[in-house]
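> The structure under discussion is supplied below as structure tokens; questions concerning it will follow.
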Number of protein chains: 2
Amino acid sequence: MAAIFAEEQFVFEPKELYEPIDYTLRLGGKRIRPTLLLAANALFGGKEEEVLDAALGIETFHNFTLLHDDLMDRSPLRRGQPTVYTKWGDNTAILSGDTMFALAWRYFLRKPSPRLQEILQCFNETAIEVCEGQQKDMNFERLPIEGVSIDDYMDMIRQKTAVLLAGALKIGALYAGAPADEIEKLYRFGIHLGLAFQLQDDLLDGYGDTAVFGKKTGQDIRDLKKNYLVLRALQIAAPEQKKALANLYNDASIDEDTRVVRVMDLYESICLKPEIDKAIDAEFEKAAQCLDGIQAPEEGKKPFRELMESLNGRKK
Amino acid sequence: MAAIFAEEQFVFEPKELYEPIDYTLRLGGKRIRPTLLLAANALFGGKEEEVLDAALGIETFHNFTLLHDDLMDRSPLRRGQPTVYTKWGDNTAILSGDTMFALAWRYFLRKPSPRLQEILQCFNETAIEVCEGQQKDMNFERLPIEGVSIDDYMDMIRQKTAVLLAGALKIGALYAGAPADEIEKLYRFGIHLGLAFQLQDDLLDGYGDTAVFGKKTGQDIRDLKKNYLVLRALQIAAPEQKKALANLYNDASIDEDTRVVRVMDLYESICLKPEIDKAIDAEFEKAAQCLDGIQAPEEGKKPFRELMESLNGRKK
């Protein structure tokens with residue numbers, strides 16, 4: 001899946017619109033969503049050539065959301081490269097993003113399918129949930145740290161991250177003509193996988209090896225971002241520590257590096273890491289259970305088990 | 001068509017995402033695109049209840065483009081009310097707009113149709129052309145007035161304005177199962193209608209009655225916007241006048257009101273208005289010819305003839 005867009009052509013006229021799209025789609029990435037879509041299709045005996053366009057479509061959509069999210073979050077870098085809005089300006093980022101959303105649809109509309117309406121509804125409802133998740137994430141920014149519950153946070157990451165993994169799986173299975181109850185299990189597998197993936201991302205922000213993870217440790221703490229670590233810490237900390245943590249997050253005058261050190265020290269003192277590991281393992285476990293329950297050849301489940309193992313390995 | 005969204009529900013959670021959508025869709029407007037879609041469907045004997053959702057979809061898409069265009073163009077008002085970005089900020093305008101694009105798709109995906117793939121392709125390719133047209137419009141802003149030809153301008157307004165009218169007609173006809181050659185004639189009717197409509201908008205900017213038109217006269221001149229009037233004026237003016245006009249557009253130090261008066265004086269001196277009237281009439285005439293050529297009952301063409309008359313009446 002690495003060279004997913006290698007043979008695709010994106011530079012049409014006007015080039016001011018399409019060059020940023022070409023740039024974005026060639027930045028690379030793990031291509032997890034198209035990989036999941038293809039594997040789900042294969043699991044239920046589908047033909048790869050019938051879903052390759054849908055795989056490109058789901059990755060194009062994902063990259064569209066990253067493009068607009070980077071603009072809204074004012075993130076200067078993506079995969080180590082300047083983001084579209086920093087390179088070409090806000091207006092180009094808006095309009096090239098809009099066009100990428102339509103290009104995702106173009107992929108989905110290339111091939112007929114007896115279940116086309118259902119497939120497209122799944123894609124579109126997923127897209128709407130991703131937008132809702134991003135809005136909830138932005139809403140959290142304006143709330144004090146005590147104003148966001150773990151439940152709210154899990155609901156937000158479910159929409160912002162997990163539903164797209166689950167949707168990719170469902171679409172692949174729909175193309176293969178899988179039965180509804182098996183698709184439902186696969187979808188739930190995707191949700192738990194997505195939650196595990198995001199919780200692990202949060203963990204790596206605090207405890208990751210910068211060289212392996214590719215991001216500066218503690219960036220969420222610097223950005224005062226409400227992630228699973230700080231919300232769980234608030235939940236398990238004693239009243240005194242809870243107050244100290246809230247102060248570290250609510251006092252904008254504290255130097256960033258100092259804040260990272262103090263917050264991480266506090267995490268250590270309350271033994272936060274094992275708690276987070278437990279939560280991640282629980283999501284992986286639920287995902288594995290969903291996968292076990294699917295009536296399909298074990299051979300077809302192998303790519304999913306390998307993906308879980310490789311994701312789980314990220315924390316080591 | 002006036003109360004088109006009266007019974008629709010747009011305020012879901014999170015409300016920060018959906019309130020701007022509700023606000024935008026209830027701002028009103030002439031609802032020309034859904035009206036065209038319904039009339040095209042009726043022209044070929046389609047059933048209204050089968051295309052009502054598509055009509056809502058095309059209007060939702062149109063309003064999405066206005067929402068993002070207003071942000072990119074930094075337009076403070078739309079239909080006399082504050083635009084979404086001025087009321088809720090840039091990020092909300094971006095994300096609510098993205099969601100509106102998906103809501104348009106939700107309408108299109110509500111009902112099955114034997115021609116669903118073709119209908120959705122038409123909608124999506126139209127959407128892509130509208131984005132391309134908006135990019136070309138933004139490109140023109142960075143060019144000197146002499147750098148934009150009439151052909152470039154007509155190509156831009158074809159994509160930015162005309163293809164959506166034509167696309168709405170085509171979609172309505174596709175739902176009714178109309179034959180391809182008749183759809184092609186109706187599409188060309190929509191293109192010429194759209195061009196006439198935009199050229200008239202340009203004319204009204206210079207010569208419209210503010211009370212009737214609802215906009216301040218000469219706004220394009222104030223904004224140094226390359227519209228059909230100034231491009232045609234450059235084409236027909238003598239070398240001396242051409243130079244004077246270019247100076248008025250390229251010299252940012254001239255007071256806005258002075259610029260409007262001088263540009264309009266220059267238009268008068270070269271008898272520009274009759275030239276513009278001629279160009280508009282030519283587009284209406286081409287539109288009428290396309291309509292005449294369609295093999296369908298005259299009764300069904302009546303709404304189109306009435307629309308042309310009412311649009312044509314705008315200039316009086």
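The values are calculated or read from the model by the stated rules, or taken from the named source; none is laboratory data. Quantities reported herein were computed from a predicted structural model and do not represent experimental measurements. No Cβ is skipped: glycine too gets one built from the backbone with ideal geometry, and neighbour counts run over all protein chains shown. All accessible areas refer to the heavy atoms of the entire protein, side chains included, with ligands and DNA or RNA removed. Shrake-Rupley method; radii C 1.70, N 1.55, O 1.52, S 1.80 Å.
> Does the range A:260-272 hold any residues that are touching a residue at least 24 places away in the same chain (Cβ under 8 Å) and open to solvent by 70 Å² or more (accessible area, probe 1.4 Å), and which are they?
A:S269, the sole residue that qualifies.
> Hey, can you tell me all the residues within the range A:1-43 that are farther than 17 Å from A:T65 by Cα and of a type in the set (F, W, Y)?
The answer is A:F5, A:F10, A:F12.
> From B:N91, B:N139, grab the single residue that is within 9 Å of chain A (Cβ to nearest Cβ), farther than 30 Å from A:Q135 by Cα, at pLDDT 95 or above and part of a helix (DSSP H, G or I).
From the options B:N91, B:N139, the qualifying one is B:N139.
For (1) in contact with a Leu (Cβ under 7 Å, 6 or more places away or on another chain); (2) within 9 Å of chain A (Cβ to nearest Cβ), each residue gets a yes or a no:
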site	(1), (2)
B:L103	no, yes
B:A127	no, yes
B:Q134	yes, yes
B:P144	no, no
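> State which residue is most open to solvent (accessible area, probe 1.4 Å) when the search covers only the range A:296-311 and only residues that are closer than 14 Å to A:H192 by Cα and either in contact (Cβ under 8 Å) with a residue 60 or more places away in the chain or not in a helix (DSSP H, G or I) (or both).
If we take residues in the range A:296-311 being closer than 14 Å to A:H192 by Cα and either in contact (Cβ under 8 Å) with a residue 60 or more places away in the chain or not in a helix (DSSP H, G or I) (or both), then A:L307 is most open to solvent (accessible area, probe 1.4 Å).
> Something else about it: Mind checking whether some residue in the range B:181-197 is over 23 Å from B:V130 (Cα atoms) and modelled with pLDDT of 95 or more?
Yes - at least one qualifying residue is present in the range B:181-197.
> Residues of the range A:180-195 being among the aromatic types (F, W, Y) and open to solvent by less than 30 Å² (accessible area, probe 1.4 Å), which ones?
The one that is among the aromatic types (F, W, Y) and open to solvent by less than 30 Å² (accessible area, probe 1.4 Å): A:F189.
> Could I ask something else about it? Where in the range B:1-78 are the helices (runs of 4 or more DSSP H), entirely inside, with at least 1 residues that are within 11 Å of chain A (Cβ to nearest Cβ), under 18 Å from the mean Cα position of the chain (by Cα) and closer than 16 Å to B:L164 by Cα?
Once the helices (runs of 4 or more DSSP H) in the range B:1-78 are filtered for at least 1 residues that are within 11 Å of chain A (Cβ to nearest Cβ), under 18 Å from the mean Cα position of the chain (by Cα) and closer than 16 Å to B:L164 by Cα, what remains is B:48-73.
> Let me confirm something: among B:G218, B:G167, which residue is crowded, with 17+ Cβ neighbours inside 10 Å, at positive phi and not hydrophobic (A, V, I, L, M, F, W, C)?
Just a single option satisfies the conditions, and that option is B:G218.
> Residues in the range A:204-214 that are surrounded by fewer than 22 Cβ atoms within 10 Å (Cβ to Cβ), in a helix (DSSP H, G or I) and under 18 Å from the mean Cα position of the chain (by Cα): how many?
Number satisfying all stated conditions: 2.
> Next question. Within the range A:273-295, track down each residue that is surrounded by 18 or more Cβ atoms within 10 Å (Cβ to Cβ) and acidic (D, E).
Correct list: A:E283 only.
> Take the conditions closer than 22 Å to B:L291 by Cβ, touching a residue at least 40 places away in the same chain (Cβ under 8 Å) and either among the basic types (K, R) or surrounded by fewer than 22 Cβ atoms within 10 Å (Cβ to Cβ) (or both) and apply them to B:G177. Does it pass?
For B:G177, the condition - closer than 22 Å to B:L291 by Cβ, touching a residue at least 40 places away in the same chain (Cβ under 8 Å) and either among the basic types (K, R) or surrounded by fewer than 22 Cβ atoms within 10 Å (Cβ to Cβ) (or both) - is met.
> Against the condition of a type outside the set (S, T, Y), in contact with a Leu (Cβ under 7 Å, 6 or more places away or on another chain), buried (at least 17 other Cβ atoms within 10 Å of the Cβ) and in contact (Cβ under 8 Å) with a residue 24 or more places away in the chain, how does B:R79 come out, does it pass?
no
> Separate question: Exactly one of (1) surrounded by fewer than 23 Cβ atoms within 10 Å (Cβ to Cβ); (2) over 23 Å from B:I191 (Cα atoms) is unmet by B:Y85. Its number?
(1) is the only condition that B:Y85 fails.
> Residue by residue through the range B:112-125, note down the ones that are at the interface with chain A (Cβ under 7 Å from one of its Cβ atoms) and not aliphatic (A, V, I, L, M).
B:P112, B:Q117, B:Q121, B:N124
> Which of the residues spanning the range A:104-129 are in contact with a Ser or Thr (Cβ under 8 Å, 6 or more places away or on another chain) and open to solvent by less than 10 Å² (accessible area, probe 1.4 Å)?
A:A104, A:I119, A:I128
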